[in-house]
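Chemist: One structure follows; several queries about it will come next.
Just so it is clear, none of the values below were taken in a lab; they were calculated from the coordinates. Just so it is clear, the structure is predicted and the values come from calculations on it, not from any experiment. Here the Cβ is made from the backbone with ideal geometry for all residues, glycine too, and neighbour counts use every protein chain on show.
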Amino acid sequence: MRVGLYGGSFNPAHEGHAHVAETARKRLRLDRVIWLVSPQNPLKGRHETADLEHRIAGVRGFARGRDMIVTDVERRLGSAYTIDTVRALKARFPGVKFVWIMGADSLASFHRWRGWTQIMREVPVAVVSRPWIALKSRFSPAARRFARFRIPSLAAATLPGTRPPAWVFLRGPLNFQSSTALRERMKRASLTGANEGG
């Protein structure tokens, strides 16, 4: 089995997330993509994150098809950090070829994640291009540190079987939706509604 692990807050989920998951699934020829909905991103405050059940329900609207699986396994594992989740899943499913999937916006800040260099050494990583951030992400600390382990995008389908560290940057049609923009729009809409109601 070739399985992509796609972790995030998905706060809220949107078509851009679906685009990243589907691009990785096709280009890496994955059997499954598992959406790991994080109970709480350690880099974000609880006050700015919707409750887990609400976010899982939102993800289910975008994770379409039998090969897209939505899970709260990090909550069940008691795992707050990606490195712990990856190690637990590898130990539990030793025959599976896992790949970590992220958008280019995550690569830009990847060096802030706990154990980011260990993550790169535990599983191959697929980075899917996102609007406005592609250049910054490709010159990020993580991209520079692991530059010699980057494989050509034309060889993306070989990534799941490649011994880490190994990573690929996948370009393609861009989807311009973002969680930050959606949260801002919802906030403005609720303020407008409150003002009109008053």
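Chemist: Cβ under 13 Å from E15's Cβ, E15 left aside: what net charge do those residues give with Lys, Arg +1 and Asp, Glu -1?
Modeler: On the way: positive: R64, R130; negative: E22.
Neighbour charge sum, excluding E15 itself: +1.
Chemist: Going 7 Å from the Cα of R75 along its beta-carbon direction, which residues of the range 19-40 have the amide nitrogen within less than 11 Å of the resulting point?
Modeler: 37-40
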